[in-house]
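As structure tokens, the structure follows; a few thoughts come after it.
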Amino acid sequence: MADQTSTANQWPADAAPYDQISPARRRLGFALMAAATLGLLAVIAFEIFYKAEAETWRPVVYAYVLWGVALGIGQVLTRGEDGQRALFLLPALLFTIAMVIFPTLFGFYIALTDWNLSSFSGRRFNGLDNFWQMLDDPYYRNALFNMVLYVLAVAVEYVIAFGLALLLNAQIRARKFFRVVFLMPLMLSPVAVSWMIGKSLMEYRFGPAATLARHLGWENPAFFSDPIIARIAIMMLDAWTFIPFMMIMLLAGLQAMSREVLEAARVDGANAWQTFWQVTFPLMLPVSVTALILRIIFKLKLADIIITVTSGGPGGATDSVSSFIYREYRDRSNVGYGTMLAMAYLVIIVVFVTWLLKFANRFVRNVN
């Protein structure tokens, strides 16, 4: 009888580790994680709605640390050995929540407030007022329109970068020297490029570019006083800085191509243009798509050159969304409205990049 009882109380030999955890231990783990989560949310809500603005967020930090500890203990209690393995991922998860997710959520909250640092009234919740103001803001719409132009300019940059990559991949003299020379703009900071070219070479009174333009018949060579010319100048400065980025990626793709394929195309009688258009370009398509997507992502963050050279002028004609948001913070100290602009731009970028990745994947798949 005793042997039958002991056999009945044993776990099955083929039971999974999760099944070998007692229900009481599992309930304790879930209760611990639930209590810690509710406590963290309660502390955050109390800090947002009831604490004075002069108070710190130190209680939230303490509650967050305790929540992380409780989450780790709860994983071990509820999942056993699987929970112990999950502990190695827990620090990365907690870091991502603290540095990415929480600031984003807090940014959405700030976007719903009227908060101007130059005002003595402090932060005040105003709902969707900033959103309606953003829809009626002509300067923000102009910045979005400029971003469309700046992103479209990437196509021209790609053509130039591909041409340089083909040139540097050919058997020319001093090829290594030219590779280093063409990469030099990428080694410089965009701010340094802005000062060297935008503020020095293109200065309308004493700059060498302005002096040469006067000798060629341009009476008032102010590169940044006309909206159209100023936009083109910003595009050229940014392109000069980042064309080497696409060029080096395309050059790496060209060097990785199989020489046998190109030689087979020449044996079949294809000329240089036919070899490029029917062999080289299709084989380079995955690298080209990657270079274009990365360049577009960098372009969406364009701000430093505009801030340094034109400060968005003349009259906001060269503003990107990032530079406009920066000036909203710096010049007007309007934290609430500036955060609403930033959050709206974040949503636009996420939607646009997601669509771009799906379109690029479908395009490459159809071509192949």
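What the table shows:
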quantity: Accessible area of the chain belonging to carbon and sulfur atoms, whole % at 1.4 Å probe; calculated: 68 percent
quantity: Extension reserve of the Val159-Ala31 stretch, reckoned as 0.36 nm per residue once the Cα distance is removed; calculated: 40.1 nm
quantity: Average Cα contact separation per residue, the chain, under 8 Å, 6 or more apart, as relative contact order %; calculated: 20 percent
quantity: Gained length - Trp355 relative to Leu149, 0.36 nm times residue gap less alpha-carbon distance; calculated: 72.3 nm
quantity: Expected-Rg normalisation [2.2 N^0.38 Å, Cα atoms] applied to the stretch 42-152; calculated: 1.54
quantity: Positive-end extreme of charge dipole, the stretch 189-264 - chosen from Pro244, Leu201, Ile228 (charges on Cβ); calculated: Leu201
quantity: Ranked packing of 232-240, 252-260, 144-152, 266-274, most packed first, by mean Cβ within 10 Å; calculated: 232-240, 144-152, 252-260, 266-274
quantity: Accessible surface ranking that places the most exposed of Trp218, Trp132, Trp67 first, with a 1.4 angstrom probe; calculated: Trp132, Trp218, Trp67
quantity: Cα gyration tensor, the stretch 143-185 - rounded (a/c under 1.5), prolate or oblate; calculated: oblate
quantity: Candidates per trypsin sites (Lys or Arg not before Pro) in the stretch 267-360, loop by DSSP, up to 11 other Cβ within 10 Å; calculated: Lys301
quantity: DSSP-assigned coil residues among chymotrypsin sites (Phe, Trp or Tyr not before Pro) in the stretch 179-210, each with at most 12 further Cβ atoms within 10 Å; calculated: Phe206
quantity: Kirkwood Rh (inverse of mean 1/r, distinct Cα pairs), the stretch 243-331, angstrom; calculated: 16.0 Å
quantity: Among Thr113, Thr318, Thr275: highest mean-square fluctuation, GNM of the chain, C-alpha pairs under 10 Å; calculated: Thr275
quantity: Sequence-separation-based contact order of the stretch 92-212, relative, with Cα cut under 8 Å and 6+ spacing, percent; calculated: 8 percent
quantity: Low-density loop cleavage sites - GluC sites (Glu not before Pro) in the stretch 150-256, where at most 14 other Cβ are within 10 Å (DSSP); calculated: Glu219
quantity: For the stretch 149-237, projected area of the alpha-carbon convex hull averaged over all directions, nm²; calculated: 7.4 nm²
quantity: Residue-averaged 222 nm ellipticity for the chain, from DSSP H runs of 4+ at -39500 (n - 2.57), nearest 500; calculated: -22500 deg cm²/dmol
quantity: Gaussian network model of the chain, springs between alpha carbon atoms under 10 Å - residue of Ala36, Ala303, Ala222 with greatest fluctuation; calculated: Ala36
quantity: Segment Met184-Val100, extension gain: residue separation times 0.36 nm, minus the distance between their alpha carbons; calculated: 26.9 nm
quantity: Proportion of all alpha-carbon pairs of the stretch 147-295 beyond 26 Å (%); calculated: 40 percent
quantity: Rounded accessible area per residue of the stretch 112-194, 1.4 Å, Å²; calculated: 62 Å²
quantity: Distance between modelled label sites at Asn271 and Asn126, nm, 7 Å Cα→Cβ extension; calculated: 6.5 nm
quantity: Listed residues Ala45, Ala209, Ala291, most fluctuating in the chain (Gaussian network, C-alpha, under 10 Å); calculated: Ala45
quantity: Accessible area of the stretch 221-329 divided out per residue, in Å², using a probe of 1.4 angstrom; calculated: 43 Å²
quantity: For the chain, alpha-carbon Rg over 2.2 N^0.38 Å; calculated: 1.42
quantity: Residues whose placed amide H lies under 5 Å from that of Phe125, excluding near-sequence neighbours; calculated: Asp114
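The values are calculated or read from the model by the stated rules, or taken from the named source; none is laboratory data. What you see is a predicted model, and the numbers here were worked out from it, not measured in a lab. Note that we place each Cβ from the backbone using ideal geometry, even for glycine, and neighbour counts take in every protein chain shown. Heavy atoms of the whole protein, side chains included, go into the accessibility calculation; ligands, DNA and RNA do not. Shrake-Rupley method; radii C 1.70, N 1.55, O 1.52, S 1.80 Å.
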